[in-house]
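K.L.:
What follows is a structure written as structure tokens; I'll ask about it next.
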Amino acid sequence: MNNSIGNTARLLGAGLRALLVLTVVCGVIYPLVVTGIAQAAFGNKANGSEIKSGGQVVGSALIGQRYDLPKKDPDNADEAAVPDLKWFQPRPSNGLGTNSINTQYQLLVSGATNLSGDNEKLIQQVKDAKEAVVEDNSVPGYRVDPADVPADAVTSSGSGLDPQISPAYAKLQVHRVAEKNHLDVGQVERLVADHTDGRVLGFMGEPGVNVLKLNIALKELTQK
């Protein structure tokens, strides 16, 4: 009887010691070491690839943002925010929503529409988006040809959070952005060219333009 109690006590003691050691090693030491290495070697990426403007964090290089004006009535869910057309616009997104707290950058869901290519609702959404792109980007002296509207201007990505648009969509917006900001078209074209990223290692993926970085550069240009 005494031996049985003693064995049980030793087993419980060994289990508690193992639990304590594993808790300290796996729950304290390991996370601190990994966090320290990440902060030392990849500080910006470890912190979410933050982008700063004017000394303040304004977003992430990995997450898209909408450039909408605040709603007149933020408590009215049926009232849509109006795009602020002086900025380059991102691709449509089902992963970016708005609420009464922040109409600029509120992530509600991440995902695609899950609608098939022949779904009437999706087809109508694409048609409406295409008409809006043509209308919004047609300015005096420049008319957008509907045939030139790229796919990423009217469709969302699988994640719904893409931070980049295609160079074609960025160039399509150049005349409108120049007109709204009273800039020379050539200035805005150079801005787009300077912020166009090529393929990874020269052959993987497609060229893209990070909309947030481009708009920060645009803001700096207009403030000169």
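K.L.:
Once you have the Cα-Cα distance between Tyr142 and Asp84, take 0.36 nm times their residue separation minus that, and quote the gain in nm to one decimal.
P.N.:
Stretched fully, the Tyr142-Asp84 segment lengthens by 19.0 nm.
K.L.:
Okay, moving on. If each of Val24 and Val185 carries a label point 7 Å out from its Cα toward its Cβ, how far apart are those two points in nm?
P.N.:
7.1
K.L.:
Give me the percent of the accessible area of segment 1-47 that comes from carbon and sulfur atoms, probe 1.4 Å, all protein chains in place.
P.N.:
73
K.L.:
What whole-number distance in Å separates the alpha-carbon centres of segment 152-175 and segment 179-224?
P.N.:
12
K.L.:
Mind jotting down the three principal axis lengths of segment 123-224 based on Cα atoms? Whole angstrom, largest first.
P.N.:
On the principal axes, segment 123-224 reaches 40, 36, 20 Å in Cα extent.
K.L.:
In debye, nearest 20, what is the charge dipole magnitude of segment 148-191 about its Cα centre with +1 on Lys and Arg Cβ and -1 on Asp and Glu Cβ, if you could check?
P.N.:
Taking the Cα centre of segment 148-191 as origin, the dipole is about 80 debye.
K.L.:
In what sequence, largest accessible area first, do Thr155, Thr35 appear using a 1.4 Å probe?
P.N.:
Thr35, Thr155
K.L.:
Alpha carbon centre of segment 1-54 versus segment 128-143: separation in Å?
P.N.:
Measuring centre to centre over Cα atoms gives 56 Å.
K.L.:
Skipping prolines and chain starts, which residues have an amide H placed within reach, meaning under 5 Å, of the one on Ile51, given they are 5 or more residues away or on another chain?
P.N.:
Under 5 Å from the amide H of Ile51 lie the amide H atoms of Val58, Gly59, Ser60, Ala61, each far enough along the sequence or on another chain.
The values are calculated or read from the model by the stated rules, or taken from the named source; none is laboratory data. Because the structure is a prediction, the values reported are computed rather than measured. Note: ideal-geometry Cβ built from the backbone for every residue, glycine included; neighbour counts use all protein chains shown. What goes into the accessible areas is simple: the full protein's heavy atoms, side chains included, and nothing from ligands, DNA or RNA. Shrake-Rupley method; radii C 1.70, N 1.55, O 1.52, S 1.80 Å.
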